[in-house]
Amino acid sequence: GSPFITTALCLEAINKYQSSSAKVSNAKQISDSQSGKENEIYDKVTQIFQQRFSGFSKDFRDKAAAIAERISKKNRDIVLLPFYFRNALGEKGAKAGDRFIIQLGLANLFGWIAYTIYDDFLDEPRTRTPQYNKLTTGQASSVRGRECDPKLLSIANVCLRESAEIFGASLPTSTGFPSFSKKAFDAIDTANMWEVTHTRDLSVIPTYGAFSQLANKSLGHALGPIAILFALGYKERSAEVIGTMQFFKNYIIARQLNDDAHDW
């Protein structure tokens, strides 16, 4: 019954509504801005990738473009992981500029393409075992995966060289990251050697031990985020770097076990 109280309550309600609307509008603007930046980073990475092969023959360019499109469109996070990681660090992460993030995304794409191709060849010996010959057509197809195309090996070699070079030159030697990235590439190839040596007998489930080889097999995926941490001043023994590596190792182990479980 009091017009004064009614007016006060109405004003409070209007104020709350306006404040809420402003937050929603601001959040949408931030989301739209991030989405635009995400597409910008992705497009720039794929553009530079294509430019790298401009001096090769048309057949070489076409095959490289085809596998890059298949991999990058199916898994945009391969290209955008450094971008996502930088954003997750908030204001501190903003110190890592777009040019740096583009380089890291490009290195990740090159590396992923290289080891995807190599992985097909590493898996191929499974098709030359007595156990494989006993499998049904469907089972054999699952083990075999994609057919190995020798023409792709040259593309893999170019991509691996580019990935190693970009990561190695992304930060000054004094930061310790070039040495760190080199050790990561060594760990990847060691893991591939272990896989070929210990997981080719289809009658025996591999003994994975502490699962470190499973993690090392795709360790290159962590290099972009780790490079950002090094750029922000963290070192190899920093708790932040150790924790981030542990996260990626456990994530990769889970993914690899999932893939292997499907194969078995």
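The values are calculated or read from the model by the stated rules, or taken from the named source; none is laboratory data. The structure presented is a predicted model; accordingly, all values stated were derived computationally and were not measured. Please note: Cβ atoms are built from the backbone with ideal geometry, for glycine as well, and neighbour counts cover all protein chains shown.
Here is the figure for the range 212-246: residues that are basic (Lys, Arg) and more than 22 Å from Ile113 (Cβ to Cβ) total 2.
The single residue among Pro225, Pro206 that is surrounded by 13 or more Cβ atoms within 10 Å (Cβ to Cβ) and at pLDDT 95 or above turns out to be Pro225.
Only residues in the range 88-111 that are farther than 25 Å from Phe49 by Cβ count as the first member; pair them with residues that are assigned to a helix (DSSP H, G or I), Cβ under 6 angstrom, at least 6 apart or cross-chain, and list the lot. Once the first residue is farther than 25 Å from Phe49 by Cβ and sits in the range 88-111, no partner that is assigned to a helix (DSSP H, G or I) comes close enough.
Considering every residue within the range 247-257, establish whether at least one is under 16 Å from Thr116 (Cβ atoms), in contact with a helix residue (DSSP H, G or I) (Cβ under 6 Å, 6 or more places away or on another chain), modelled with pLDDT under 90 and surrounded by 15 or more Cβ atoms within 10 Å (Cβ to Cβ). Checked against the condition, which is being under 16 Å from Thr116 (Cβ atoms), in contact with a helix residue (DSSP H, G or I) (Cβ under 6 Å, 6 or more places away or on another chain), modelled with pLDDT under 90 and surrounded by 15 or more Cβ atoms within 10 Å (Cβ to Cβ), the range 247-257 yields at least one hit. Out of Phe60, Phe83, one residue alone is modelled with pLDDT of 95 or more, in a helix (DSSP H, G or I), on the phi < 0 side of the Ramachandran plot and surrounded by 14 or more Cβ atoms within 10 Å (Cβ to Cβ). It is Phe83.
Only residues that are buried (at least 20 other Cβ atoms within 10 Å of the Cβ) and without any contact (Cβ under 8 Å) to a residue 24 or more places away in the chain were counted in the range 209-222, giving 1.
Every test in (1) modelled with pLDDT of 95 or more; (2) within 21 Å of the chain's Cα centre (by Cα) is passed by Pro172 save one, and that test is (2).
Against the test of being surrounded by 10 or more Cβ atoms within 10 Å (Cβ to Cβ), touching an Asp or Glu at 6+ places or on another chain (Cβ under 7 Å) and within 30 Å of Val241 (Cβ to Cβ), the options Arg76, Arg52 yield a single qualifying residue, Arg52.
Scanning the range 56-73 for residues that are of a type in the set (Lys, Arg) and either more than 15 Å from the chain's Cα centre (by Cα) or farther than 13 Å from Tyr42 by Cβ (or both) yields Lys58, Arg61, Lys63, Arg70.
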